[in-house]
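Structure first, commentary second.
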Amino acid sequence: MRPYTIINAAMSADGKLSTKERRQVRISGAEDFARVDRMRADCDAILVGIGTVHADDPSLTVKSPTLREMRIAHGKQTNPIRIVLDSHAKTPITADILNKGEGYRIIAVSEEADQERVRELSRYADIITCGRDRVDLHCLLQELKKRGIESLMVEGGGTVIWSFISEGLFDELHTYLGALIIGGMTAPTLADGEGFTEELHFSRLILSDMKRLDDGLLIQWKKKHA
Ligand code: NAP
């Protein structure tokens, strides 16, 4: 049992999430930002990898005051629970995700994480330990479900998205394709990691919707079950 999981990412027309230096790029416009804000407001939790925390220092808060008020009116916290996949407990205590906006945070670590750092981070976030040297997603998602998290939004980056896709741990994939080319063989893409080699293992999708937003295209897919 796991939360209903939607992967969401913005990529350039050539499939890059950022530059080869891993510098954040404004890929979407106002309409897509508003859509992502609504998705955040609708879900119970949002997850990113430590690579994204280091590169972008996102706060992952709900930006619209109206959406924040709606959450409160429904008895929820202002922001969804924010989760970092951080096997070795390296999240800086100054990170915006730990300091900006109200709401719970969770840092998922592995058994190899330095216990002194874990203690330090536990002043800012709940700590969940899953996996020996890397966060085990099956174990983590089960634990999140046990804690009442029914819907999860995965916001990147490419390494984390690859793990969710390759382990079959998602239900929908929403990609915003922006009107720009970033290029670069080593620039992060939607699904990095090792990549599948056997056709049998490719993750198959069903197109569920697409629409023009700003000057790009929002494409929504559902996972095709084998
Ligand atoms: P990432 O995917 O955010 O984080 C990867 C790290 O997460 C791993 O190296 C690993 O570090 C940790 N991790 C722990 N358990 C994991 C697991 N089971 N599977 C996968 N990772 C796990 O980092 P990234 O690939 O470097 O991506 C960051 C880039 O993506 C940045 O350039 C950022 O700007 C971009 N980005 C773009 C968007 C977009 O929508 N355009 C969104 C987000 C990010 P440990 O081993 O230390 O735990």
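What list of ³J(HN,Hα) couplings, whole Hz, do you get for segment 213-224 from phi and the Karplus terms 6.51, -1.76, 1.60, once you set θ to phi - 60° and write x for glycine and proline?
Running phi through 6.51 cos²θ - 1.76 cosθ + 1.60 with θ = phi - 60° gives 9, 6, 9, x, 10, 9, 10, 10, 10, 10, 5, 8 Hz.
Using θ = phi - 60° and the Karplus curve 6.51 cos²θ - 1.76 cosθ + 1.60, what whole-Hz ³J(HN,Hα) does each residue of segment 192-208 get, with Gly and Pro shown as x?
Those phi angles translate into 8, x, 6, x, 7, 10, 8, 3, 4, 8, 3, 7, 9, 10, 10, 5, 10 Hz.
Using protein chains only and a probe of 1.4 angstrom, how many square angstrom of K145 are accessible, to the nearest 10?
K145 has an accessible surface of roughly 50 Å² with all protein chains in place.
Give me the percent of the accessible area of segment 63-107 that comes from carbon and sulfur atoms, probe 1.4 Å, all protein chains in place.
Values: 1330 of 2310 Å².
Roughly 58 percent of what the probe reaches on segment 63-107 is carbon or sulfur.
For V62, what is the net charge nearby, where nearby means another residue's Cβ is under 12 Å from its Cβ and Lys, Arg count +1, Asp, Glu -1? Write down the numbers at each step before the final one.
Values: positive: R38, R40, K63, R68, R71, K76, R82, K100; negative: D37, D42, E69, E102.
Neighbourhood net charge equals +4.
DSSP beta bridges in the chain, what fraction antiparallel, as a percent rounded to 5?
Details: 15 of 42 bridges.
Among the beta bridges of the chain, antiparallel pairing accounts for roughly 35 percent.
With every protein chain in place, what's the accessible area of S166 (1.4 Å probe, Å², nearest 10)?
50 Å²
What's the magnitude of the charge dipole for the chain around its Cα centre, counting Lys and Arg as +1 and Asp and Glu as -1 at the beta-carbon? Answer in Debye, nearest 20.
Details: 31 positive and 34 negative charges, 102 e Å.
Here the size comes out at about 500 debye.
Taking amide hydrogens as modeled 1.01 Å from N in the peptide plane, which residues meet the under 5 Å criterion relative to T5, leaving out close sequence neighbours?
The answer is L152, D171, E172.
If you keep only loop residues by DSSP, which GluC sites (Glu not before Pro) in segment 157-216 have at most 14 other Cβ atoms within 10 Å of their Cβ? Present the calculation step by step, with values, prior to reporting the outcome.
Values: sites: E167, E172, E194, E198, E199; in loops: E167, E194, E198.
Passing both the DSSP loop test and the Cβ count: E167, E194, E198.
What are the ³J(HN,Hα) couplings of segment 138-150, residue after residue, when phi is run through the Karplus curve with 6.51, -1.76, 1.60 and θ = phi - 60°? Round to Hz, x for glycine and proline.
4, 4, 4, 5, 5, 5, 5, 4, 4, 7, x, 7, 9
Go through segment 1-101 and name the GluC sites (Glu not before Pro) that are in a DSSP coil and have 10 or fewer other Cβ atoms within 10 Å of their Cβ.
Values: sites: E21, E31, E69; in loops: E21.
Passing sites in segment 1-101 are E21.
So, for segment 91-192, what is the accessible surface per residue at a probe of 1.4 Å, expressed in square angstrom?
Numbers: 4710 Å² over 102 residues.
Using a 1.4 Å probe on heavy atoms only, each residue of segment 91-192 averages 46 Å².
Let's test this: bin the Cα-Cα distances of the chain at 5 Å from zero up to the farthest pair and state each bin's percent.
Using 5 Å bins, I get a P(r) of 1, 7, 14, 18, 21, 18, 12, 6, 2, 0 for the chain.
Can you pick out the pairs among K76/K223; K76/K145; K20/K90 whose Cα atoms lie more than 24 Å from each other? Let's see the in-between values first.
Details: K76/K223 29 Å; K76/K145 17 Å; K20/K90 22 Å.
The pairs that break the limit, which is 24 Å between Cα atoms, are K76/K223.
What trypsin sites (Lys or Arg not before Pro) does segment 1-82 have in DSSP loop regions with at most 10 other beta carbons within 10 Å? Please report the intermediate quantities before stating the final value.
Numbers: sites: K16, K20, R22, R23, R26, R35, R38, R40, K63, R68, R71, K76, R82; in loops: K20, R22, R23, R26, K63, K76.
Counting only loop positions with at most 10 other Cβ atoms within 10 Å, the trypsin sites (Lys or Arg not before Pro) in segment 1-82 are R26.
The values are calculated or read from the model by the stated rules, or taken from the named source; none is laboratory data. Just so it is clear, the model here is predicted, and its values are computed rather than measured. Glycine also receives a Cβ, built like all others from the backbone with ideal geometry; neighbour counts cover every protein chain displayed. For accessibility, only protein heavy atoms count, side chains too; no ligands or nucleic acids. Shrake-Rupley method; radii C 1.70, N 1.55, O 1.52, S 1.80 Å.
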